1. If you check 26, 17, which single one turns out to be touching a strand residue (DSSP E or B) at 6+ places or on another chain (Cβ under 6 Å), crowded, with 16+ Cβ neighbours inside 10 Å and modelled with pLDDT of 50 or more?
2. When both residues are 6+ apart or on different chains and their Cβ atoms are under 6 Å apart, which pairs have a first residue that lies in segment 17-34 and is part of a helix (DSSP H, G or I), and a second that is at pLDDT below 90 and exposed (fewer than 14 other Cβ atoms within 10 Å of the Cβ)?
3. Only residues that are closer than 24 Å to residue 86 by Cα, assigned to a helix (DSSP H, G or I) and out of contact with any helix residue (DSSP H, G or I) (no Cβ under 6 Å at 6 or more places or on another chain): list them for segment 39-69, please.
């Protein structure tokens, strides 16, 4: 089960979530995942089959009505052949040698 950002889990740690507000990085990440899915000509149902995330959840994430956990975003990224990573500020895609979400 994916918890909304900030909701406590069993060990009282806060779950980290990705928000889909158009003014933040979370929105950019979700938009990049949508772009990658479409460029691979995958439907939400196809991505669901690859990742095990329900098509309904993928739809909610893509529409911004659900804030996925970081773990779930990583799973979706892997499903479209991408990964999430942190890079030093100012580093470009070419310097890191990897595509960045």
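The values are calculated or read from the model by the stated rules, or taken from the named source; none is laboratory data. Worth saying up front: this structure is predicted, and the values here are computed from it rather than measured. Cβ sites come from the backbone with ideal geometry, for glycine too, and all protein chains shown count toward neighbours.
1. 17
2. 27/21
3. 39, 61
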